[in-house]
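Q: Pasting in a structure now, in structure tokens, and then I'll have a few things to ask.
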Ligand code: PMV
């Protein structure tokens with residue numbers, strides 16, 4: 001008899017970014033990062049994992065297409081190393097089906113939601129309830145995924161241990177603390193990035209002098225943003241968010257050869273947000289960019305409509321998606337459609 005488990009996990013947007021590792025394989029970061037978990041009804045990965053079926057090898061079906069995936073294979077290898085002794089079933093070939101409710105081509109990172117969903121499914125299979133452990137399992141797939149396990153606002157602690165057992169996310173505030181926060185996402189280029197975050201951050205750490213300057217101050221910024229979230233101080237949170245995004249992208253430009261993820265449209269959005277805040281006489285919105293040109297504008301429900309209209313007017317903005325604060329990864333019933341597909345695949 002096979003074990004079939006399913007899970008759902010959303011992406012998150014980092015306010016204080018992770019860019020640089022102290023251990024490449026285990027994905028141990030050099031600094032703490034802080035993020036907002038996005039609403040899983042708007043953006044999410046749904047994953048089904050089949051364990052103990054008679055399969056010759058691991059099979060991955062992503063958004064309906066079957067094929068090898070080195071990123072998932074590496075994550076599974078690390079998860080098996082971590083859990084194999086206690087849960088030998090994980091060592092047997094698995095069938096993994098995963099799909100996103102947002103177009104993969106939208107340019108929104110799917111690695112955080114995808115690997116958090118995988119970790120949550122593995123946890124469901126073995127009855128692992130400890131969120132810290134699930135966060136560690138997610139981290140083994142992709143660092144930023146460690147934060148998507150928690151709802152609301154999360155902080156991924158860099159930790160110090162070589163084995164990474166102290167490098168996991170924690171919740172710093174639940175969604176209910178600040179449900180008015182919204183991420184208005186402007187898609188400026190839906191294509192896949194040319195330099196992966198893995199390669200980009202490795203190159204920055206190897207060649208940038210400026211990154212050491214950022215690493216010297218980013219811990220204090222993570223503390224300050226944590227305090228701002230807990231006291232619902234929007235303008236402090238927003239200012240720190242914009243400054244850390246700019247600081248991270250400055251280290252990318254200082255990388256040799258440089259890595260540039262933002263484009264002219266991203267820069268036009270930066271100016272537009274500053275103008276918006278200046279005209280409002282208050283900091284009501286903050287931009288932040290991950291390893292890509294799409295803008296995340298952090299604002300409140302009250303401002304979100306106006307911000308969306310402003311973004312749509314900027315030439316080159318292709319679409320705007322609004323996501324609230326979410327509840328993090330969770331185990332779910334296997335969707336009917338997936339059950340039918342599994343019947344065919346496993347017969
Ligand atoms: O975990 P990765 O490999 O997807 O790297 C994420 C890096 C950034 O998105 C740029 C920053 C972050 O903290 O999410």
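Q: What are the pairs, 6+ residues apart or on separate chains, where a residue within the range 195-210 that is closer than 11 Å to residue 21 by Cβ and away from the ligand (no atom under 11 Å from the Cβ) has its Cβ under 8 Å from a residue that is outside any loop (DSSP other than H, G, I, E, B) and modelled with pLDDT of 95 or more?
A: 205/21; 205/211
Q: Which of the residues spanning the range 135-167 are part of a loop (DSSP other than H, G, I, E, B) and within 16 Å of residue 118 (Cα to Cα)? So that I can check it myself, show each step before the final result.
A: As a first pass, look at the range 135-167 and keep what is part of a loop (DSSP other than H, G, I, E, B): 142-144, 149-152, 157-167.
Across the range 135-167, the qualifying residues are 142, 143, 144, 149, 150.
Q: Next up: Within the range 1-29, can you find the residues that are within 14 Å of the ligand (Cβ to nearest atom), in contact with a helix residue (DSSP H, G or I) (Cβ under 7 Å, 6 or more places away or on another chain) and not in a loop (DSSP other than H, G, I, E, B)?
A: Of everything in the range 1-29, those that are within 14 Å of the ligand (Cβ to nearest atom), in contact with a helix residue (DSSP H, G or I) (Cβ under 7 Å, 6 or more places away or on another chain) and not in a loop (DSSP other than H, G, I, E, B) turn out to be 9, 12, 15, 16, 21.
Q: Here is a follow-up. Kindly establish whether residue 85 is modelled with pLDDT under 95 and out of contact with any helix residue (DSSP H, G or I) (no Cβ under 7 Å at 6 or more places or on another chain). Walk me through it before giving the result.
A: Values: modelled with pLDDT under 95: no; out of contact with any helix residue (DSSP H, G or I) (no Cβ under 7 Å at 6 or more places or on another chain): yes.
Here the answer is no, as residue 85 does not meet what is asked.
So that you can scan it fast, the table gives a plain yes or no per residue for (1) surrounded by 14 or more Cβ atoms within 10 Å (Cβ to Cβ); (2) modelled with pLDDT of 95 or more; (3) out of contact with any helix residue (DSSP H, G or I) (no Cβ under 9 Å at 6 or more places or on another chain); (4) assigned by TED's automatic domain parsing to the domain that holds residue 18:
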site	(1), (2), (3), (4)
229	yes, yes, no, no
237	yes, yes, no, no
241	yes, yes, no, no
271	no, yes, yes, no
280	no, yes, no, no
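Q: Considering only residues that are free of Cβ contacts under 8 Å to residues at least 60 places away in the same chain and touching a helix residue (DSSP H, G or I) at 6+ places or on another chain (Cβ under 6 Å), which ones fall in the range 65-82?
A: Hit for the range 65-82 is 80, nothing else.
Q: A further question on this structure: Under 20 Å from the mean Cα position of the chain (by Cα), buried (at least 22 other Cβ atoms within 10 Å of the Cβ), assigned by TED's automatic domain parsing to the domain that holds residue 303 and farther than 13 Å from residue 203 by Cα, is that true of residue 252? Let's see the steps before the verdict.
A: Numbers: under 20 Å from the mean Cα position of the chain (by Cα): yes; buried (at least 22 other Cβ atoms within 10 Å of the Cβ): yes; assigned by TED's automatic domain parsing to the domain that holds residue 303: yes; farther than 13 Å from residue 203 by Cα: no.
Against the criterion (under 20 Å from the mean Cα position of the chain (by Cα), buried (at least 22 other Cβ atoms within 10 Å of the Cβ), assigned by TED's automatic domain parsing to the domain that holds residue 303 and farther than 13 Å from residue 203 by Cα), residue 252 does not qualify.
Q: A further question follows. Using the structure shown, decide if residue 53 is closer than 27 Å to residue 150 by Cβ and surrounded by 14 or more Cβ atoms within 10 Å (Cβ to Cβ).
A: Working: closer than 27 Å to residue 150 by Cβ: no; surrounded by 14 or more Cβ atoms within 10 Å (Cβ to Cβ): yes.
It is false that residue 53 is closer than 27 Å to residue 150 by Cβ and surrounded by 14 or more Cβ atoms within 10 Å (Cβ to Cβ).
Q: Tell me, yes or no, whether the range 168-187 has at least one residue that is surrounded by 14 or more Cβ atoms within 10 Å (Cβ to Cβ), within 30 Å of residue 258 (Cα to Cα), at pLDDT below 95 and in contact with a helix residue (DSSP H, G or I) (Cβ under 9 Å, 6 or more places away or on another chain).
A: So far as the range 168-187 goes, yes, one or more of its residues are surrounded by 14 or more Cβ atoms within 10 Å (Cβ to Cβ), within 30 Å of residue 258 (Cα to Cα), at pLDDT below 95 and in contact with a helix residue (DSSP H, G or I) (Cβ under 9 Å, 6 or more places away or on another chain).
Q: Might you let me know whether the range 246-262 holds any residue that is under 30 Å from residue 216 (Cα atoms), within 15 Å of the ligand (Cβ to nearest atom) and touching a strand residue (DSSP E or B) at 6+ places or on another chain (Cβ under 8 Å)? Talk me through it step by step, then tell me what you get.
A: So in the range 246-262, the residues under 30 Å from residue 216 (Cα atoms) come out as 246-262.
Imposing the further condition that a residue be within 15 Å of the ligand (Cβ to nearest atom) reduces the set to 246-253, 255, 259-262.
Filter once more, so that each one left must be touching a strand residue (DSSP E or B) at 6+ places or on another chain (Cβ under 8 Å): none.
The answer is no, given that none of the residues of the range 246-262 is under 30 Å from residue 216 (Cα atoms), within 15 Å of the ligand (Cβ to nearest atom) and touching a strand residue (DSSP E or B) at 6+ places or on another chain (Cβ under 8 Å).
Q: Now for a separate question. Of the conditions (1) within 16 Å of the ligand (Cβ to nearest atom); (2) in contact with a helix residue (DSSP H, G or I) (Cβ under 7 Å, 6 or more places away or on another chain); (3) under 21 Å from residue 6 (Cβ atoms), residue 122 fails just one. Which one is it?
A: Unmet for residue 122, out of (1) within 16 Å of the ligand (Cβ to nearest atom); (2) in contact with a helix residue (DSSP H, G or I) (Cβ under 7 Å, 6 or more places away or on another chain); (3) under 21 Å from residue 6 (Cβ atoms): (1).
Q: From 70, 35, grab the single residue that is within 11 Å of the ligand (Cβ to nearest atom) and under 30 Å from residue 159 (Cα atoms). Write out each step before concluding.
A: Values: 70 fails: within 11 Å of the ligand (Cβ to nearest atom).
Testing whether each residue is within 11 Å of the ligand (Cβ to nearest atom) and under 30 Å from residue 159 (Cα atoms) leaves just 35.
Q: Would you be able to tell me the number of residues in the range 30-72 that are in contact with a strand residue (DSSP E or B) (Cβ under 6 Å, 6 or more places away or on another chain) and outside any loop (DSSP other than H, G, I, E, B)?
A: Number of matching residues: 18.
Q: May I ask you to list the residues in the range 132-156 that are without any contact (Cβ under 8 Å) to a residue 60 or more places away in the chain and more than 16 Å from the ligand (Cβ to nearest atom)?
A: Those that are without any contact (Cβ under 8 Å) to a residue 60 or more places away in the chain and more than 16 Å from the ligand (Cβ to nearest atom): 132, 133.
The values are calculated or read from the model by the stated rules, or taken from the named source; none is laboratory data. What you see is a predicted model, and the numbers here were worked out from it, not measured in a lab. Here the Cβ is made from the backbone with ideal geometry for all residues, glycine too, and neighbour counts use every protein chain on show.
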